[in-house]
Each structure stands twice: as structure tokens, then as C-alpha cells.
Amino acid sequence: MFALSFFLLAEMLCQSLGQYDYYDEHYVPSAPLEVLSSPTCAQECECPLNFPTAMYCNERNLKFIPIVPSGIKYLYLQNNHIEEIKAGVFDNATDLRWLVLDNNNIASDKIQAGTIDKLSKLEKLLFSYNKLTKPPGPLSKTLDELKLISNQLSSFPASTLSGMENLTTLHLSKNKLTTESITGAFKSLKSLVLLDVSENKLKKLPSGVPPSLLMLYADNNEIDSIPNGYLAKLPALQYLRVSHNKLVDSGIPAGVFNVSSLLELDLSFNKLKSIPEINESLEHLYLQVNEINKFDLINICKFSSPVNYSRLRTLRLDGNNIKHSSMPDDTVNCLRQASEIIFD
């Protein structure tokens with residue numbers, strides 16, 4: 001279990017390091033180099049004797065899910081050609097904790113009742129790169145991680161995640177979700193830490209997000225404004241990414257980003273003409289490829305003194321209408337901790 005836990009920890013750390021340090025979506029380990037397999041294992045798969053609760057069926061050109069024997073807790077089915085989940089395949093898998101179905105061809109109407117909905121102890125469901133048009137379910141209340149990246153989701157009923165108080169990580173990027181389709185979907189998630197809704201069709205940041213949230217990724221949508229007081233309702237938020245959207249100055253309420261919890265703010269590839277007001281605790285600010293034409297130092301530091309200065313370490317302003325010479329004289333005092341300030 002140590003090796004499996006390590007992959008999860010590494011993923012979370014990668015997501016929090018910086019703008020371009022995106023996580024590996026396929027962190028699931030392959031089967032160990034083991035000749036002997038458990039006699040109860042499905043013949044199409046491997047169940048290593050030194051890890052008898054895992055069944056590795058990944059990358060075997062499977063078109064179906066084999067019957068899962070009892071005692072299996074970790075089931076790897078990624079990178080196959082599976083098109084449906086038939087009733088009965090999980091009848092013996094009453095202890096299943098992890099189910100990995102990434103990179104298959106499963107459509108929503110090909111998931112039969114009495115399959116995933118019977119997995120009452122499931123903790124991780126990785127169902128990315130399939131053909132789902134709606135989330136599978138009903139899902140176990142024990143889930144702590146759900147990945148539905150790069151499907152065809154256009155609907156996400158508000159009841160989908162109801163009662164999932166253990167869910168900490170939710171990936172919904174690269175789908176067809178709209179602001180309306182996710183309304184009310186996150187309100188009961190008391191433990192949610194990471195929400196990724198990037199590369200969808202959102203016009204607004206998701207509403208009803210729980211105050212436990214640490215990371216919110218909404219890149220590559222159609223967002224043109226931030227609701228007044230939005231971040232004030234998220235006291236734990238440290239990483240906010242809203243790059244590649246349609247943000248304009250009039251859609252940024254005064255002080256909306258001036259919250260002390262925030263460490264990284266990515267507003268790159270938008271239509272901003274000025275630097276928004278930020279808190280002095282912010283460490284990474286990405287504003288490249290906007291339409292900024294002046295250096296508003298007062299929005300970074302209200303005033304500078306030996307104890308009052310910005311904690312910014314990274315400031316990107318390349319791809320704007322501004323040059324290094326535009327910085328006011330007092331910038332050196334305000335940005336004394338900056339190690340990277342990038343202009344064109």
C-alpha cells in the first residue's frame with residue numbers, strides 16, 4: 001500500500017507547485033513483474049501473490065470486464081477497449097476500494113444497474129477518457145476521489161454527489177458542462193479540497209462550492225466576471241486558475257482577489273487592462289497575454305515599509321502593453337521577494 005499511497009501524495013504535490021506543473025492524469029501503477037498469480041484471479045488478468053488484493057487487467061485489449069473474485073480491493077482496467085459494464089461482474093467484489101476505468105469506450109447507457117452502484121465501499125473511481133454523457137451512479141458515499149476527465153458530460157444532476165462527505169478530489173475537466181448543469185452539485189461536499197472544472201462551457205465560476213476548497217481550476221471556459229465576495233466565502237482557497245477565459249476589468253469587483261489565503265492566482269489569457277487588487281500574501285500572479293497598459297503598484301502594495309511588502313515571488317506580465325520601464329520607482333521595495341518578473 002505504501003507504493004500506491006505515494007502516487008496519490010505525489011499527484012497532490014504536483015498540483016500545488018505552480019502554473020505549469022500540471023499533474024499526470026495516469027498515475028496508476030502497472031502490474032508488478034510477478035510470474036505467479038493467485039489461482040482465483042480472472043484468467044485475463046494478474047493478481048500478484050505479494051499483493052493479493054489487487055487485480056491488474058490494464059492494457060490487455062479487453063472488450064469486457066471479467067468477473068471480479070472476492071477479496072479484490074484494487075481493480076485496474078485502464079487502457080482497454082471496454083464498451084459496457086454488464087450486471088454481475090462486481091457481485092463478488094464487495095470489498096472493492098479502487099476502480100480504474102480510464103481510457104476505454106464506455107457510454108453511460110452501457111452501464112447496467114447492479115454494477116458500480118453496488119460498490120458500497122468504493123473510495124476511488126477513475127473513469128476518465130470514456131464516452132459518458134452523465135455521471136455514473138448512484139455512487140458510494142465512501143468515495144474520496146472521482147475523476148471523469150475528458151468524457152462527454154453535458155449534465156450533472158445536483159443529487160449526484162449528495163451525502164459524499166468524504167470526497168476530497170473531483171476532476172470534471174474536458175467535458176461539455178455549463179454553469180446551469182452544475183448548479184447545486186457541490187453544496188454537500190464538506191471535505192472537498194480540489195475541484196477541476198477546466199475546459200468546459202462555464203460562463204461563471206461554480207456556485208455553492210464548500211469552504212473547505214483549497215484548489216479551484218476553471219481554465220479554458222467562457223467566464224467573463226467574478227461574483228463579488230466569491231473568494232471571501234472560500235477561506236481555505238490557495239490556488240485559483242481562471243486562465244483562457246473572457247475576463248474584463250468591469251467583471252472584476254474591487255478587492256475580490258484581496259484575500260489572505262490565496263497563494264497562486266492565474267488570470268492569464270484574458271482581456272484585462274489593469275492589474276487587479278491582490279493581497280500582499282499572494283506568491284504567484286500570472287497575468288500574461290492580457291491587454292494591461294499600466295503598472296498599478298498600489299494594487300499590489302498599498303504602501304511599502306520594512307514590514308509591509310508583497311510576498312510575490314512570480315509576476316508574469318509578458319504579452320501585454322507594458323514594459324519593464326513602466327514600473328514605478330518604489331517597485332523594488334514592494335516586490336523585494338520577487339525572483340521572477342517577466343515582461344516581453
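Structural remarks
- Look at the alpha carbon pairs under 8 Å that are at least 6 residues apart: their mean separation over the length of region 224-343 gives a relative contact order of 20 percent.
- Cα gyration tensor category, rounded, prolate or oblate, for region 36-127 with a/c compared to 1.5: oblate
- Apportionment of accessible area to carbon and sulfur, region 224-343, percent (1.4 Å): 50 percent
- For region 224-343, the residue among Leu272, Ile341, Val242 whose Cα projects farthest onto the positive side of the dipole built from Cβ charges is Val242.
- Estimated inter-spin distance, Glu280 and Gln43, nm [label 7 Å along Cα→Cβ]: 7.2 nm
- Working from Cα pairs under 8 Å separated by at least six residues, relative contact order for the chain is 7 percent.
- Element breakdown for region 174-220 at a 1.4 angstrom probe: carbon and sulfur atoms account for 55% of the accessible area.
- Helix axis angle, 2-15 relative to the chain longest principal axis, alpha carbon, degrees: 30 degrees
- Accessible surface calculations at 1.4 Å, restricted to protein heavy atoms, place the chain at 44 Å² per residue.
- Based on alpha carbons, the Rg and Dmax found for region 224-343 are 13.3, 38 Å.
- In terms of the mean number of neighbouring beta-carbon atoms within 10 Å, the peptides 274-281, 197-204 order highest first as 197-204, 274-281.
- Gln112-Lys190 pseudo-label distance in nm [points 7 Å out on the Cα-to-Cβ vector]: 3.7 nm
- Most to least packed among 291-301, 312-322 [average Cβ atoms within 10 Å]: 312-322, 291-301
- Antiparallel content of DSSP bridges confined to region 224-343, in %, to 5: 0 percent
- Antiparallel %, DSSP beta bridges [both residues in the chain], to 5: 5 percent
- The slack between Arg336 and Ala254, meaning 0.36 nm per residue of separation minus the straight C-alpha distance, is 27.0 nm.
- Euclidean distance between Cα centres, region 64-139 to region 228-274, Å: 37 Å
- Note on Lys201/Asn92: beta-carbon distance plugged into 1/(1 + (r/R0)^6) with R0 of 35 Å gives a FRET efficiency of 0.30.
- Proximal aspartates and glutamates relative to Lys201, as straight alpha-carbon distance under 17 Å, when same-chain residues fewer than 8 apart are discounted: Glu180, Asp219, Glu222, Asp224
- The chain: C-alpha gyration tensor shape, a/c 1.5 cut-off, then a/b vs b/c: prolate
- Rounded to the nearest 500, the helix-only mean residue ellipticity at 222 nm of the chain stands at -1500 deg cm²/dmol, with each DSSP H run of n ≥ 4 adding -39,500 (n - 2.57).
- When the square roots of the Cα gyration tensor eigenvalues are ordered a ≥ b ≥ c, the ratio a/c for region 40-192 is 1.5 or more and a/b exceeds b/c, which makes its shape prolate.
- Lysines whose Cα lies under 23 Å from that of Lys273, excluding same-chain neighbours fewer than 8 positions away: Lys203, Lys204, Lys246, Lys294, Lys302, Lys323
The values are calculated or read from the model by the stated rules, or taken from the named source; none is laboratory data. This is a predicted model, so every value here is computed, not measured. Cβ sites come from the backbone with ideal geometry, for glycine too, and all protein chains shown count toward neighbours. The protein model used for the area step is the full one, side chains on, heavy atoms only, and it has no ligands, DNA or RNA in it. Shrake-Rupley method; radii C 1.70, N 1.55, O 1.52, S 1.80 Å.
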